[in-house]
1. Quick one: Kirkwood hydrodynamic radius for the chain, alpha-carbon pairs, angstrom, one decimal?
2. Shape of segment 151-209 from its Cα gyration tensor (a ≥ b ≥ c, root eigenvalues): rounded if a/c is under 1.5, otherwise prolate when a/b > b/c, or oblate?
3. In whole angstrom, and with the biggest value first, how far do the Cα coordinates of segment 61-193 range along each principal axis?
4. Over the Cα atoms of segment 182-233, how large are the radius of gyration and the largest Cα-Cα distance (Dmax), in Å?
5. Using the alpha-carbon centroid of each, what span in Å lies between segment 1-61 and segment 220-258?
6. For Ile48 and Lys241, FRET efficiency with R0 = 30 Å and r from the beta-carbon atoms, rounded to 0.05?
7. With a 10 Å Cβ neighbour count serving as the proxy for reagent exposure, in which order, fewest first, do Arg84, Arg155, Arg20 appear?
8. Antiparallel versus total DSSP beta bridges in the chain: what percent is that, nearest 5?
Amino acid sequence: MYTALLTTLEKNTFNITINRPDKLNALNKTVIEELSAAIDEVYKNNEIKSAIITGSGAKAFVAGADISEFLQLDATQGEELAGRGQQLVFDKIENCPKPVVAAVNGFALGGGCELALACHFIYASDNAKFGQPEINLGLIPGYGGTQRLVQLIGRNKAMELLMTGKMIDASEAMELGIVNEVCAPEKLLNKVEEILQVIHTKAPLAITKIIECVNNFDHTQQGYDFEIKKFGECFATEDMKEGASAFFEKRKANFKGK
Ligand code: COA
């Protein structure tokens, strides 16, 4: 069904591998369209409880948007490219009701770094490299990089990475708070699968509400008000009753996503 992605569904986790290793998995039009369809599958398929996004080959997660598609674009087309990508893929990943984790297995540059940032969290192999090198092309990030990076690492660190286009390694990315965990390349997918299996044992509707609340983070009272509303909604779920009952009955809760 896909030409630029490999997908598998194992233990309720949908594994999405961007598969253009000869072009370091650069995001061309086909990859964007297929990623959009794959994320739609995550939203719709009840068997899928979570997703992993990774890159094919030992060298790259994604080395950016496909630069070969840039030269012929004018300002309007450039704006369309960014808007369409954000809408079809990046926003959809960020707002996915099920956890989406990036397994960064090499270069995560430009659109690749932005793709990882759109995921709910990031695990990386120790050979991973992150960066927003668009400035070297006379460009800026267009898939949400300026917005998500500043939220994650703060204004001044983001300014420096964006203005210099420099690459940082996995341990520096971890120090900055971009990456949650770093491991050997051969262990990366297992590590991500393991943490997702833990999350699968939790109440799915509450997981969705966590994603919604965190995505609605706001310094003003609005963020707290949103949390209050979502907290209240939990009390309308069977899973909340099951969780509280299981606590008093000293047994493991069996959540059903209802
Ligand atoms: N778009 C299109 N093609 C890309 C690409 C991208 N973002 N990144 C890599 N490729 C292609 C290269 O053109 C090359 O293709 P070729 O074999 O047909 O010449 C192939 O992938 C391998 O890349 P190469 O540059 O030879 O590998 P390297 O190990 O020497 O360097 C990088 C790796 C990641 C440092 C280098 O490829 C790079 O800087 N890529 C662009 C990163 C970038 O600017 N991304 C932001 C885009 S907005």
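1. About 19.1 Å for the chain.
2. oblate
3. 43, 33, 27
4. 15.3, 44
5. Segment 1-61 and segment 220-258 have Cα centres separated by 31 Å.
6. 0.75
7. Fewest-to-most Cβ neighbours within 10 Å comes out as Arg155, Arg84, Arg20.
8. Working: 8 of 30 bridges.
Around 25 percent antiparallel, to the nearest 5.
Coordinate-derived values only; no laboratory data. Quick caveat, the model's predicted, so the values are computed rather than measured. Cβ sites come from the backbone with ideal geometry, for glycine too, and all protein chains shown count toward neighbours.
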